[in-house]
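Structure in structure tokens, see below.
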Amino acid sequence: MPMAAQVNGGGFEDGGANQEKEPIWKVLVFDRSCRDIISTVLKVNDLRENGITVHMLLESERSPILDVPAIYFIDPTKANIDYFLKDVTRDIYDLYYLNFSSSIPRVLIEELSTGTVGTNTSHQVAQVYDQYLNFLCPDENMFSLNIDRAFSDIHGSTTTGEQIKQLVDSIVSSLFSVLVTMKKVPYIRAPRGRAAEMIAKALDARLREHLANSRNNLFTSSDADSSLNDQQRPVMILLDRDFDLGTMLLHSWTYQALIHDIFDINLNQVNFSQKERDRTVRKTMDIDTKEEFWAKNASLPFPEVAINIDDASNDFKKQADELTRLGGVTSLDEMQALDLGANTQQLQKAITSLPILTAKKKTIDMHMNIATVLLEQIKERQLDVLFQLEENMSPRQTKTKILEIIADTTKSTSDKDKVRLVALYELAYPDQKSDIKELEDALTNSQINMDSLAYIKKIQHLSRMSAGGSGTGAGGATKTSPNPSGGSTGGDILGKFSFFGNQLSKLSENSSLSSLVSGVRNLLPNRKDLPITTITRLIMEGSASAGGSGSSQNRLGGGISSSLSDGGIGSSALSDLGIDDLVFYDPKDTRRSNLSNPNMSANSNSWISRHQRQTSYQESIVFVVGGGNYLEYQNLMALSQRITANTGVKSSITYGSTNIINSEKFMQQLEQLQQQQG
């Protein structure tokens, strides 16, 4: 079941009121973080269908609504407990159903109990629940911990050890909630020596403690065959953002990823400005992941979406014309005034379908508006040129073109776009010293801020040092790889459809959406795997241990085998991506706390024969520490579809990160880090 559906299906506890034939009307009170959680999976109509008539912020001034039960959905913090106790003392609602986003600490439970007993109001607190929902679900198979600036917090020179511990604890708490929601206890893999390993170790300890000591196991499954469940367990892959910086800088060309890159998608809302006659109007697009057009088009290339918008618009016009013809009117607005009872059965049916058609028109108009603004941005920023450059990167030709873009002040290509291009070039060709200097000098002469680029170079240098001269650059790119993202090499690193870019540059002011892509539908290049997708594929296709006799050289703790044909993960394939070793944790294994010691003899580990039987995984949970984007998400969803098609067995991949951010916000963190460290 998709992540968003699992969260949506959980609901909030209110004593079973929703089980009645007639719903009991209720008040919903939430803090700001829980409001964000709700906003990504529930709309106002969804709340109303569940009897929620009023929803308000916890810290806002609220008048009493007597004889009405209230559902509280809040973080377990002392400040929130104080607000709650104040409400109970004021007796502003009838009964109180208290839902915490994560597990409430014992000290706060005691404070809650003492406060209600002291005011003789404990009888009004009907129930208290730990919901384990302290994460967001922006899309069906995506989750975000909504932790801003995690990358800069981890790498910041001013970040203390205590702050790192708090960040790790927060991440582990949210990941534990994700797993509780999914009812899964996964195997855990992570690169050695960085934040991902710290989180993997802490998460393993949290899961192990819960499974060993909890009387009420949150992961209890209805399946009777526990051995079958163990064989079907997913693998959780934790990765550091450092291993692939390039993907965060690449330009996007699919509908959802392009919107996120240009305008940002925050809590499934997009804010943009559009010119209407002589003024600029600020508009908001609310994304409903269940909406049919969005679900079908989010991962498609933008020009194909433009065609689909035109097709949907033409289909709507035909239906509208048919309705108005039957009603003898000239517009849909006039249909509202018709007397439903005085017309024929055919007309009654047409008028009944009017609300559906009206909603369809609203959806088409919304997508038409955002598509029009996207086209304007593509033309102004020369995004077609940028797409083509990143697709077909080569040392000499690309350098020359980048220099032209930097020097050209007549176009609206942003400074950040120019820095992104140079950074991708340097990640792809770190040995082209003279070319890199020429590009950087051009940026300097144009007075463009290079702080983000300077920090990328610093990470690249540290990565080479830690690799011991193995040739692996920052972001997982090797010294000889022409791929700035560090993934598969070749001309089309992302399948970003440069052929469409050529058409975009020829657009006239009066071009329609359909004319934009006329005649180029069959020119789509194939998509390629990003580094995160390559790692996920290797782990899902191979066993987590070597298939050999158990020699310590196989480094079972790292899960590295000599070849893919043995059923393991190819060492050379991972090292090409900047990962030398992977730790392995099995929270269900009570005989050993972990297997992360690379010097541990395989013959001494009793778990190996059991785990070797699982040569592949059908399900994985991929989490990036330090920020992710829709480009990686869509690439992983394509991998899941491929595995399902190739094996005939349903494959599932869930993607998550500390936060889903676009290139601009990620570069802001890089700039901040460079300014801190100098």
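Can you check what the net charge comes to around ALA202, using other residues whose Cβ is under 10 Å from the Cβ of ALA202 (Lys, Arg +1; Asp, Glu -1)?
0
State the percentage of accessible surface on the stretch 44-96 attributable to carbon and sulfur atoms; use a 1.4 Å probe and exclude ligands, DNA and RNA.
51 percent
Considering only protein heavy atoms, with the full assembly of protein chains and a 1.4 angstrom probe, order THR444, THR363 by accessible area, largest first.
The ranking, largest first, comes out as THR444, THR363.
Still on this structure, please answer the following. In whole angstrom, how far apart do the alpha carbon centroids of the stretch 130-185 and the stretch 619-656 sit?
Using only Cα atoms, the two centres lie 19 Å from each other.
Please give the FRET efficiency for THR220 paired with ARG32, using the beta carbon to beta carbon distance and R0 = 41 Å, rounded to the nearest 0.05.
Numbers: r = 33 Å, r/R0 = 0.80.
E(calc), rounded to 0.05, equals 0.80.
Next question, about the same structure. Cut-off under 23 Å on the C-alpha distance; same-chain residues fewer than 8 positions from LYS165 excluded. Which lysines are left, in chain and number order?
Correct list for LYS165: LYS78, LYS201.
How charged is the neighbourhood of LEU403? Take every other residue with its Cβ under 13 Å from the Cβ of LEU403, and add Lys/Arg as +1 and Asp/Glu as -1.
That works out to -1.
Sum up the charges of everything whose Cβ sits under 13 Å from the Cβ of SER651, counting Lys and Arg as +1 and Asp and Glu as -1, but leave SER651 out.
Every neighbour counted, the sum reads +1.
Please report the spacing between the Cα centers of the stretch 95-127 and the stretch 360-385 in Å, no decimals.
Their Cα centres are 50 Å away from one another.
Now, a different point. Heavy atoms of the protein only, probe of 1.4 Å, neighbouring chains included. What is the accessible area of TYR83 in Å², nearest 10?
90 Å²
At a probe radius of 1.4 Å, what is the per-residue accessible area of THR352, in Å² to the nearest 10?
It works out to around 90 Å².
The values are calculated or read from the model by the stated rules, or taken from the named source; none is laboratory data. Note that this is a predicted model, so its numbers are computed, not measured. Every residue, glycine as well, gets a Cβ built from its backbone with ideal geometry; the counts of neighbours run over all protein chains shown. Side chains included, ligands, DNA and RNA excluded: accessible areas come from the protein's heavy atoms. Shrake-Rupley method; radii C 1.70, N 1.55, O 1.52, S 1.80 Å.
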